[in-house]
Every structure is written in structure tokens, then in C-alpha cells.
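Beneath this line is the structure, given in C-alpha cells, with notes to follow.
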Amino acid sequence: MFAVRALYDFEAQPGTGELSIWNNEILTLTRQDVGEGWWEGTNERGETGLFPAGYVEIISSQPPAVPPPPPPRGLEYDISVVSSGQDAPQDVVSYEQFEAGDDWDDDWDDDELTFSSQQEQFSGPGMYGVSIPDQSWKSSSTGDIRNTTPSGQDASGMWTVKKSINRFSTFVKSGGEAFILGETKINVPANSIIQILDVDGEIMWAFVSNPYTCSVTSPKKETKLKGLKSFIAYQITPSYNNIQVSRRYKHFDWLHERLEAKFNPIPIPPLPDKQISGRYQEEFVEHRRAQLQMWVDRICRHPVLSQSDVWKHFITCADEKKWKAGKRKAEKDELVGASFFLAIQPPETFLDPVAVEQKTDHFQKFVTKFDDSVKQLFMTSLEQSKKYAGGSTHLTAAVKHTADTYEEIGKLYEEQPKLDFEPMCDVLHEYKGMLAAWPDILQLHKGAMNKRKDYQRLNEDGKLSAEEAQSINKRTDVVSYAALAEISHFQSERIEDFKYMMQNFLSAQISFYQTVVSKLQESLSLYQQL
């Protein structure tokens, strides 16, 4: 039980269990384990509900005195009834109902905001007019490799959040040293083996024999629990069976978490940002669909992720019972963390550790510089998109009296960001998240290499047999091969992505200005005919 002070205003949405809080308001914190960046608390009026954890600060361990909670309010979702221990009316949706582990579809809202997520810094208004505090958070899958401070303000005054996953820490805690020493014993099914190839000196994941695509279409607003809960469902259709399955954003969020937990050496692309309000607006829903399509395309192109059981389950399972069984199976997967490397089958050739370290160190320097460039371009694109999308109404009003032509040009300016700057922002958003994951992946590799050196010294001192040392070197090579294969895949994707991104951006810009010129020439021709 803590007393907390609200840092920002937060207005609750009806029927969601949220609690409106106001700047400098003092509340009693009753739960910190709600999950997904939400806390539960009670205000001085005895009202209890959920609010974003990043909107408050803890000020003492002694809660302020609060009056008893109000009586039940009929059919509303009233957390205060449950938290106070009172008997809730039969029709009241209880807190425990939402938290039931197997009741997958009755968990919290799709757009919960995740504060203990990968590191991120940003400020200013959202893309769709959502007011974001200057000292702020962002959603679950974005990152900033420059930010290594704990939650709070960094040296630049920007608000920071903790990372949701530290790959090196996960590798160590999940038995990294045991793997290096060959002490981890897990039976790996033949269909789970992941091959790495050496093609003319380039290390890469094995090619996919039957590549495929998936479409994300038909977003539709649906409701549950007598209309108390609303969400958007998207239809996912793999090209190899053309069978649609319905998935919510929360399902994507769960999948992202499982992919990160399992595939340590692979940077999982970030999902689209979560949204506080306006989540059902047509423009926002369509933009999110396009972003999810981009995310799905990237997974489909990855030779490892596209073949994984959890991904195949996500895009194909239409039966509710089988879905829940597959979900539990994925969450109990043994081949995660350090054990994932047991599934990798690298080439037989031993790697030169000096050459490997040189290559990974060079790539790490590249990542740092590339990250700076991506963030600078991202912020420029975001500013330009907001500038034209947000300012066109005044532009249209200012020039409307001159001619209908200028009114049309004003409308073109309003719509243009959807064709050039927004698609660029979407690509850069993904790369920001992936670049944020690379330092951890490279640190994981460096940690394995340091272990190799430690045992090499034991071998030189006669405390470790040559056979044992060779076995350790071979398992360390598995980690190195995985890192090199993913570096190769990342670099090839980067080249194609940025080539396509800039071609699309420049083509859209050229088409836009050609249209403007054409309309002005049409108006000019009318005067020339006088």
C-alpha cells in the first residue's frame, strides 16, 4: 500500500474499470501487479479503478485515509466492489473474471499502455491528436539504444522506461553457462531443428523452401460482455491455405512477447503503438491495419520466425479450444533462452573467434550510427506528417477565396502525408525497435565469447582437457553462427527496405507536386483563353 501523486490528468473511459485522475491528486495504490503498465488505486472519494503507472509517482509507503468505497452501481464494471470485499451483484463483471489465465479472450483491453517496456524517448502530441505528456512513455515494442538509465528522467530531461527483456540476462539466468558446458539436456524434435549455412563465406539461416505471405484485412469493431468491452478484430489469411483467422491487437502483443522470449539472437520487429483514445476512429484503425500488415510481412520473410510453431499457430488456428491449448504449449516451450541454441544446427567448420569478434564489433559500431540516422529521419518525417496533416484546415480556409483550385490543393496537402511521410514513419518505427534490440543480442554473443576465453585459459593451465575445450568451442560457435546469420539477414532486409521506402516516398512526392502543377496550369489556361 503506497500513496501516489498524479503527474498528469487521465480521463477514464466508461465501462472499462479505469479511474480518472488529475494532476497533483493523491491516491492510495492498491495493486501494482495488474500488468501491462496499469496500476489500481483509490482516490479520496473512495472510487477505485485502473490508471497508467507512468502517470503517477510514489510519494510514501503510508496510504492516506480514504472513506469506504461507494455501493455497487448495477450493471457497470465496478472494481471497487471487488476490491472492497463486498458481494457484487450477479451481473457485475468481476476483476477476477478479467484475470483468469485460461480465459484468454476476457483479459484486459487491446490498447493497454505498457510502461515497463523496451526503452523509448519521445514527447509531443500523437499522430492522431492524442495528447501525450512531454515527459512520457511509449508502447510495448519500441526502443532507444542510447537510453541505459532506469525509469525516470535521463540526462537530457527526457522521460525513460525500463526494457521489458534483457537478452544477455535471460541467456545467463536460463542456463547460458550450462549450455556452453554441455550440461543442458533437452530432446529437440527433428522439425524444430534450425539450420545455418555457410554460402561462399557468408553465414546465413537456411533458405525457406516454400515461402508464403499473409494478409491482414477487414478490421471490424466487435463487443463482448454485454457490450461492456469493445475491440477491433483483424482477419489474418496465409497464402498457403487461404483460411481466415480472427485476431485482436492483444493477440499480436502476446505473440510478440513469445517471439522475444524464444528467439534470443533475433531482433523482433516492434508492433504499432498502443493508443489511449481514438482507437476506434476509422483513420486510426486503417493505419494500424497497414502497420500490422507490415509487421506480418516482415515475420513471413524471416527464415526462422516464419517457420516457428508459435507463429504458425497464430496464423492458422481457428478453433478456440485448440487456440488456448496452443497458447499454453507455447508458454511452456522448453527451447527458450539459452536452450534455444540447442535447436540450432550450424556448419561443422570451427569459426575463428578473432575474426568473429572483429565482425560483430564492426556491426555494433554500424548499429550505433545507423540508429542515430534512423531516429533523426523518423523525427523529421513525424514533424512533417503532423505539420501538413494538422495545419491544412487553416491553409484551406486562408486560400479558399482565391479560387477553387487552391481549395483542392489545400485538400491535397491534407491527404498527402498518408502517401509519403506516414509510410516512411512506419518503416522507421520498425527499425527503431529492431536497432534497440541489437546491443543486447551482441552483448549476449560477447558474453558467450568471454566464457570461451575463460575456459580456454583453464585448458592452457591444464585444468580442462583438450576434448572438453573443443566441445565448449563448438557450442560457443553455435551462438556465433546464430549472431552472424541474423546480421546477414538484417543487412539484406535493410537494403531492400530502405530502397523501397525511399522509392515510395520520392514517387509520392513527385506525383503530388506534378498534380499541383497540373491544376495550376489548368487555371492558367483559362486566363490565356480570354
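The values are calculated or read from the model by the stated rules, or taken from the named source; none is laboratory data. Computed from a predicted model, the values in this text were never measured in an experiment. Counting neighbours? That spans all protein chains shown, and the Cβs are built from the backbone with ideal geometry, glycine included. When the accessible area is computed, the model is the full protein with side chains, heavy atoms only, and any ligands, DNA or RNA have been set aside. Shrake-Rupley method; radii C 1.70, N 1.55, O 1.52, S 1.80 Å.
Looking only at the range 23-42, how many residues end up being within 28 Å of Phe231 (Cβ to Cβ), open to solvent by 40 Å² or more (accessible area, probe 1.4 Å) and part of a loop (DSSP other than H, G, I, E, B)?
Of the residues in that region, 1 qualify.
Which members of the range 334-359 meet the condition of being out of contact with any Ser or Thr (no Cβ under 8 Å at 6 or more places or on another chain), open to solvent by 10 Å² or more (accessible area, probe 1.4 Å) and within 17 Å of Lys446 (Cβ to Cβ)?
Result: Asp352, Val354, Ala355, Glu357, Gln358, Lys359.
Can you tell me which residue within the range 246-270, out of those that are under 16 Å from Lys329 (Cα atoms) and among the aliphatic types (A, V, I, L, M), is most open to solvent (accessible area, probe 1.4 Å)?
Once the filter is applied, the top-ranked residue is Ala261.
Which pairs have Cβ atoms under 8 Å, sit 6 or more apart or on different chains, and link a residue in the range 506-517 that is under 15 Å from Ser385 (Cα atoms) to one that is open to solvent by 60 Å² or more (accessible area, probe 1.4 Å) and not in a helix (DSSP H, G or I)?
So the pair list comes out as Ala508/Leu419; Phe512/Leu419.
Could you tell me whether Ser246 is under 25 Å from Leu444 (Cβ atoms) and of a type in the set (Ser, Thr, Tyr)?
It is false that Ser246 is under 25 Å from Leu444 (Cβ atoms) and of a type in the set (Ser, Thr, Tyr).
Considering only residues that are in contact (Cβ under 8 Å) with a residue 60 or more places away in the chain and among the polar types (S, T, N, Q), which ones fall in the range 227-243?
Asn241
Looking only at the range 214-236, which residues are closer than 16 Å to Arg279 by Cβ, open to solvent by 50 Å² or more (accessible area, probe 1.4 Å) and among the hydroxyl-bearing types (Ser, Thr, Tyr)?
Thr223
Table: residues versus (1) of a type outside the set (Val, Ile, Thr); (2) over 22 Å from the mean Cα position of the chain (by Cα); (3) within 21 Å of Val296 (Cα to Cα).
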{"position": "Asp198", "(1), (2), (3)": "yes, yes, no"}
{"position": "Glu202", "(1), (2), (3)": "yes, yes, no"}
{"position": "Trp205", "(1), (2), (3)": "yes, yes, yes"}
{"position": "Cys214", "(1), (2), (3)": "yes, no, yes"}
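From (1) under 24 Å from Lys451 (Cα atoms); (2) of a type in the set (D, E, K, R); (3) in contact with a Leu (Cβ under 8 Å, 6 or more places away or on another chain), pick out the condition that doesn't hold for Glu183.
Every listed condition holds for Glu183 apart from (3).
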